Amino acid sequence: MTKSVLGIIGGSGVYDLPGLRNVREERIASPWGEPSGALRIGDIEGLPVVFLPRHDKGHRLSPSDINYRANIDVLKRAGVTDLVSLSACGSFREEMPPGTFVLIDQFVDRTYRRESSFFGKGLVAHVSMAHPVSPLLRGRLRSAARAEGIEPAWGGTYVCMEGPQFSTFAESMTYKQLGYSVIGMTNMPEAKLAREAEICYATVAMVTDFDCWHPDHDAVTVQDIIKVLIDNATRAQGLVARLARDFPRDHEPCPIGSDRALDTALITAPDARDPDLIRKLDAVAGRVLNG
C-alpha cells in the first residue's frame, strides 16, 4: 500500500503553511528547469506534507513565468500522492461572492504561453482530462471545510486565462454567458501536468472579486483583492490543517484513475522512444517506463 503524501501549492496570499512540524526546506533539482522555490517538507499530526509557494516568497513570479512542469516534477520527486491547489480567482456568479471557497470540478484552458505537457517529440502520450479533479480528494476538502465552519460551493468551472492583465469587459461577459463559475491565471496547465504525473489533484478556488462584468467590480485593483486575500489565506490554512489531520495515511486508489493515468496513455513504440526524454521522465513516468 502506498503511503499518502499531501502536497499543497499555495497561490496568491498563501506563501507559507503554518502548522507544519519538523520542517525542512529542500531544493530538489528538476530536469525541467527551476521550480518556483524550495519545498517546505514536514508533517501535520504524522501525515507527510509538502508545501510549494506557486509564486515564490514575496510573489516573485507572474502566472506566465511559473515553470509548471518543474513544480509538478519536484512534487512528484518528493513523493506527493495527492495535491491541493489553493488559488485566488474572480467570480462570474452572484451566489459566489468574495470570500467564497469553490471546489472546482472542471477547467477551461485559455492559456497560450506555457508548456502544457511532459511528453512530446520522441515519446507521445495522451492522458484523459475528461474529469480533471480527483473526486475523493475533492470530497475530503468539502468535509474539512465544513469542519472548519466553511460551506464551500460544490462544483464549478474554472477558466484559466493567460494574464497577467485582468479581463476586458467583453471577455468577462463572454465567460459569464458561457456559464463558467470563476476565472484565474494558474490552474492550467498545472492540472494537466499533475494528471500526467499520476498525482491526484483538486482545487480550492478562493474568490477575491466579481471580475469586471459586475458593475461594482468593473475596475478590479490589486489593493481591493489583497484585503480579501488575507482573510481567505487564514481560512485556507485552517482548512489544510484539518484536511491533513483527517487524511487517510494510506493512499486511496482514485476511482477515476488519476493515479494510474499513464496505464494506457503512451502511444510511441518502445524502439522509437527518445532516450533523453525518457531520462527526463524518470519521476513523472518511471512507473510505466520501468515497469
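Derivation of every value follows stated rules applied to the coordinates shown; laboratory data play no part. Keep in mind that what you see is a predicted model, and the values were worked out from it rather than measured. Here Cβ is always computed from backbone atoms with ideal geometry, including for glycine, and neighbour counts include all displayed protein chains.
Counting other Cβ atoms within 10 Å as a rough exposure proxy, the listed residues Lys3, Lys176, Lys76 run Lys3, Lys176, Lys76 from fewest neighbours to most. With all pairs of separate Cα atoms included, region 35-161 yields a Kirkwood hydrodynamic radius of 16.9 Å. Put in order of Cβ neighbour count within 10 Å, fewest first, the listed residues Ile225, Ile104 become Ile225, Ile104.
Other residues with beta-carbon under 10 Å from the beta-carbon of Ala144 carry, at +1 per Lys or Arg and -1 per Asp or Glu, a net charge of +3. When His131, His55, His126, His214 are sorted by how many other C-beta atoms sit within 10 angstrom of their C-beta, beginning with the fewest, the order is His126, His131, His214, His55. Diagonalising the gyration tensor over the Cα atoms of region 194-287 and scaling each eigenvalue by 5 before taking the square root yields semi-axes of 39, 21, 12 Å, largest first. Computed 3J(HN,Hα) for region 184-189, one whole-Hz value per residue from the Karplus formula 6.51 cos²θ - 1.76 cosθ + 1.60 where θ = phi - 60°, is x, 10, 10, 7, 10, x, glycine and proline marked x. Computed from point charges on the beta carbon alone (+1 for Lys and Arg, -1 for Asp and Glu), the dipole magnitude for the chain about its Cα centre is near 620 Debye. Of the beta bridges in region 7-145, as assigned by DSSP with both residues counted there, near 55 percent are antiparallel.
In the calculated pair-distance distribution of region 133-291, the portion above 18 angstrom amounts to 69 percent of the Cα-Cα pairs. With the charge dipole of the chain set up from +1 on Lys and Arg Cβ and -1 on Asp and Glu Cβ about the Cα centre, the Cα lying farthest toward the positive end among the listed residues Ile72, Ala236, Leu277 is that of Leu277.
Assuming charge only on the beta carbon of Lys and Arg (+1) and of Asp and Glu (-1), the dipole of region 197-291 about its Cα centre is about 420 debye to the nearest 20.
Among Ser167, His55, Leu123, flag the residue with its Cα farthest along the positive direction of the charge dipole of the chain, charges on Cβ as +1 for Lys/Arg and -1 for Asp/Glu. The Cα lying farthest towards the positive end belongs to Leu123. Specify the angular offset, from 0 to 90 degrees and rounded to the nearest 10, of the alpha carbon long axis of helix 135-147 from the longest principal axis of the alpha carbons in the chain. The helix 135-147 is inclined about 40 degrees to the chain.
Just for the chain, what percent of DSSP beta bridges are antiparallel, to the closest 5? Of the beta bridges lying entirely in the chain, close to 35 percent run antiparallel. Could you name the lysines in cross-link range of Lys57, using Cα to Cα under 22 Å and dropping any fewer than eight places away on the same chain? Once the sequence-local lysines are set aside, what remains near Lys57 is Lys76, Lys227.
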